[in-house]
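To start, the structure under review is shown below, and the notes come after it.
What follows draws every value from the coordinates through simple rules; no lab data is involved. These numbers were taken from a predicted model, which means no experiment stands behind them. A quick note on method: Cβ atoms are made from the backbone with ideal geometry, for glycine too, and the neighbour counts reach across all protein chains shown.
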Amino acid sequence: MSDQFSHYIEFRHVYKTFAKPVLADVNFFVDSGKTLAIIGRSGVGKSVSLFHIMGFLKPDKGDIIVAYQDITHFTEKELAKVRKKVTMVFQSGALFDSMTVSENILFSLETREDYDEKNREDVVEGLLKIVDIWDTRDSYPSDLPVGVKRAVAIARALAAQPECILYDEPTTMVDPIMSEHIGDLMLRLKSKLGLTSVVVTHDLDLMRKVADSVMVLSEGKAIYFGPVADLGQSHEQLIKDFIEMDRVVKPAA
């Protein structure tokens, strides 16, 4: 831990504008081993926040702290070292369709400096068993449902032995059973491996299940940042509407 930075991830007065302001004076933090959920309507800067954490985007103003380092002005070479600690599971899965599930994970393993070819099959088997999809090892991504692809993407991310995983809409277009499985998996990785996480989601059930804190974005601003348990006490009308809409569209048990 840096003497200067006490949070694993932190945004300090971050601004980003494309055609219009996407992030406007956004502040939040995530402590090591904790999970932050970022929620809000489409197009409010949720994924843009993840891209700043990964260093794919740089802020117009403000500071980005990742892995206890100020990465705001890092070069690509410096960011490459950070990305060994922080990895991202994209909504698409970003898997190689020409490779089997096992080969996709092997590809990630081979980027590690401590990679040992002798035990590579054991490592792949262990990762697939962690995410409960060992039976898909010889399948190709195009033959798998969306939820299983997401689990494969998580296994591939774990192959790099990260400290932190960023999840971009992990349960979108996933059936309820697989959604529950992914939520359970995220909790397991947090408790067993101590992973720090940031999850962008529309799924309030997932937020309540896995997150310690939540940030709500609206029109570029963080209108709420705090414990998940206190979200329902917010006086912000948009947050009240968001929670009520979730309650209305949820099927009866």
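A viscosity of 1.002 mPa s and a temperature of 20 °C, combined with the Kirkwood radius over C-alpha pairs in the Stokes-Einstein formula, give the range 88-161 a diffusion coefficient of 179 µm²/s. Charging the Cβ of each Asp and Glu at -1 and of each Lys and Arg at +1, and nothing else, the dipole of the range 88-161 about its Cα centre rounds to 320 debye. Within the range 130-253, DSSP assigns beta bridges of which about 55% are antiparallel (rounded to the nearest 5).
Screening the chain for whole DSSP H helices with an alpha carbon extent of at least 24 angstrom along the helix axis and a mean Kyte-Doolittle hydropathy of at least 0.5 yields nothing. Which number gives the lysine pairs in the range 62-166 that have C-alpha atoms under 27 Å apart and are eight or more places apart or on different chains? The number of close lysine pairs in the range 62-166 is 12.
Under 23 Å of direct C-alpha separation, and excluding same-chain neighbours fewer than eight residues apart, Lys20 reaches these lysines: Lys46, Lys58, Lys61, Lys221.
Normalised by the number of residues in the chain, the mean separation of alpha-carbon contacts (under 8 Å, six or more apart) gives a relative contact order of 25 percent. Compared with the direct C-alpha span, the chain from Arg188 to Thr172 gains 3.8 nm at full extension, assuming 0.36 nm per residue. Backbone amide hydrogens, once placed in the peptide plane, bring Leu195 within less than 5 Å of Lys190, excluding anything fewer than 5 places away on its chain. With only the Cα atoms considered, the chain has a convex hull volume of 143 Å³ per residue. Distance between the C-alpha centres of the range 193-226 and the range 47-93: 18 Å, rounded to the whole angstrom.
Please rank Arg208, Arg83, fewest neighbouring Cβ atoms within 10 Å first, as an exposure proxy.
Ranked by crowding around the Cβ, least crowded first: Arg208, Arg83.
Normalising by residue count, the range 126-207 has a Cα convex hull of 91 Å³ per residue.
Whats the longest run of the chain with zero chymotrypsin sites (Phe, Trp or Tyr not before Pro) that are DSSP loop and have at most 15 other Cβ atoms within 10 Å? Of all site-free stretches, the longest is 116-253.
Sorted fewest first by neighbouring Cβ atoms within 10 angstrom, Met99, Met215 come out as Met99, Met215. Under a model in which nothing but the beta-carbon of Lys, Arg (+1) and Asp, Glu (-1) is charged, the chain shows a dipole of about 500 debye around its Cα centre. Charges on Cβ only, +1 for Lys and Arg, -1 for Asp and Glu, centred on the Cα centroid of the range 88-161; of Met88, Leu109, Val152, which one is farthest towards the dipole's positive end? Of Met88, Leu109, Val152, it is Met88. When shorter helices are ignored and each DSSP H run of at least 4 residues is given -39500 (n - 2.57), the per-residue value for the chain at 222 nm works out to -10500 deg cm²/dmol.
Of the residues His202, His52, the one with the fewest other Cβ atoms within 10 Å heads the list, and the complete ranking is His202, His52.
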